[in-house]
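The values are calculated or read from the model by the stated rules, or taken from the named source; none is laboratory data. Quick caveat: nothing in here was measured; it's all calculated off a predicted structure. So basically every Cβ, Gly included, is an ideal-geometry build from the backbone, and we count neighbours across all protein chains shown. The accessibility values were calculated without ligands, DNA or RNA, using every heavy atom of the protein model including side chains. Shrake-Rupley method; radii C 1.70, N 1.55, O 1.52, S 1.80 Å.
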Amino acid sequence: MTLPHIVDSHCHLDFPDFEDDRDAIIARAREAGVTRMVTICTKLRAEPTVRAIAEAYEGVFYAAGTHPMSAASEPLISVEDLVTLADHPKFVGIGETGLDYHYTAESADIQKQSLRIHIEAARQTALPLIIHARAADDDMAQILTEEHAAGAFTCVMHCFSSTRELAEAALDLGFYLSMSGIATFPKSQEVRDIFAAAPIDRILVETDAPYLAPPPHRGKRNEPGYTAHTARVGAEVFDMEYADFAAQTSANFDRLFTKATA
């Protein structure tokens with residue numbers, strides 16, 4: 001039986017966790033129906049490695065940016081650098097970027113500066129912005145709303161586990177929410193409720209592998225094939241058949257990540 005096709009919209013295939021068995025991981029993903037994945041570069045010095053992984057595998061695309069937790073320790077990226085990278089046929093998104101005040105609140109100012117640079121690159125390239133938001137909901141909603149009013153761009157709130165208020169602010173701007181393994185955890189009912197209230201045509205799924213593995217693999221290394229576990233929970237949240245949820249979230253991905261369309 002052929003499994004429904006689904007997309008892992010956010011993983012990190014360049015991380016050391018995958019060095020020894022990347023071929024097997026991608027093969028397992030395909031066996032699970034995960035035919036496409038976006039591997040995310042979080043520091044620009046790793047971009048050549050991430051690009052090479054995307055080039056080596058059919059169905060693997062990539063995005064690049066400076067993660068907010070690295071904004072103070074990495075050189076400040078320029079709009080021009082991001083626009084140049086976006087010429088690559090497998091480069092499909094800008095980021096991940098964003099704000100993280102949980103561990104790195106002391107670098108809030110440089111994080112905001114970096115975020116605005118990424119937003120301008122998303123505008124100029126017409127590629128989706130990939131946002132990481134943690135413990136910074138008010139500033140995040142304010143910046144996204146201000147910047148969108150100054151010039152439209154598209155965006156996904158990756159690994160969404162923030163407040164209902166930030167979800168509503170993002171959805172009001174036409175943005176997407178991405179469901180990760182967090183939404184499958186027993187104590188995450190509030191997150192599931194936020195997703196359930198969102199329009200189904202604005203939902204993506206992801207692993208954020210190697211992090212946040214869903215049950216039955218929780219606490220172990222996550223990998224793109226486990227997107228299917230999260231998507232099965234997503235189907236329950238939206239009271240849909242798994243095949244229908246897989247088709248809908250894949251169509252949503254195609255609408256947002258136009259360069260990675262099947």
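Computed with the Debye formula from one identical point scatterer per Cα of region 1-129, without solvent, the log10 of I(q)/I(0) at q = 0.12, 0.22 Å⁻¹ comes to -0.48, -1.22. Dipole of the chain computed with +1 at Lys/Arg Cβ and -1 at Asp/Glu Cβ about the Cα centre; of ALA54, SER107, SER180, farthest Cα towards the positive end is ALA54. Of the heavy-atom accessible surface of the chain (probe 1.4 angstrom), what whole percent is carbon and sulfur? That fraction is 51 percent. Counting only protein heavy atoms and using a 1.4 Å probe, the accessible area of ASP139 comes to about 40 Å². Rounded, prolate or oblate, given the Cα gyration tensor of region 66-170, with a/c below 1.5 counting as rounded? It comes out oblate by the Cα gyration axes. Per residue of the chain, what 222 nm ellipticity follows from adding -39500 (n - 2.57) for every DSSP H run with n ≥ 4, rounded to the nearest 500? Roughly -12000 deg cm²/dmol at 222 nm, from the helical runs in the chain. Centroid-to-centroid, using Cα positions, region 124-139 and region 207-262 are 20 Å apart.
Shown for the chain: lysine pairs separated by 8 or more places, or found on different chains, whose C-alpha atoms are under 19 Å apart, numbering 4. Listed options for Cα extents along the principal axes in Å are (i) 49, 39, 32; (ii) 45, 43, 36; (iii) 60, 47, 35. The value calculated from this structure is the one marked (i). Between HIS5 and GLU165, the simple spin-label model (points 7 angstrom out along Cα→Cβ) gives 4.1 nm. If I take R0 = 35 Å and measure r between the Cβ atoms of ALA126 and ARG218 in this structure, what FRET efficiency does the formula 1/(1 + (r/R0)^6) give, to the nearest 0.05? Once rounded, the FRET efficiency stands at 0.40.
If you plug the beta carbon distance of LYS187 and GLU106 into 1/(1 + (r/R0)^6) with R0 = 30 Å, you get a FRET efficiency near 0.55.
Summing Lys, Arg as +1 and Asp, Glu as -1, what charge do residues with Cβ under 15 Å from the Cβ of ALA63 carry, ALA63 excluded?
On the way: positive: ARG36, LYS43, ARG51, LYS90, LYS259; negative: ASP8, ASP14, GLU47, GLU55, ASP81, ASP87, GLU96, GLU206, ASP208.
Residues near ALA63 contribute -4 overall.
Ligands, DNA and RNA aside, HIS67 has an accessible area near 30 Å² when probed at 1.4 Å. Annotation for ASP201 and ALA27: the two label points, set 7 Å from Cα along the Cα-Cβ direction, are 4.0 nm apart.
Each of LYS112, LYS220, LYS187 has its accessible area taken with a 1.4 Å probe; listed largest first, they run LYS187, LYS220, LYS112. Spin-label model, ARG116 to ALA135: label points 7 Å out along the Cα-to-beta-carbon direction sit 2.4 nm apart.
Which order do THR125, THR39 take when ranked by solvent-accessible area (1.4 Å probe, heavy atoms of all protein chains), largest first?
THR125, THR39
For ALA150, neighbours were defined as the other residues whose beta-carbon sits under 13 Å from its Cβ, and their charges (Lys and Arg +1, Asp and Glu -1) total -1.
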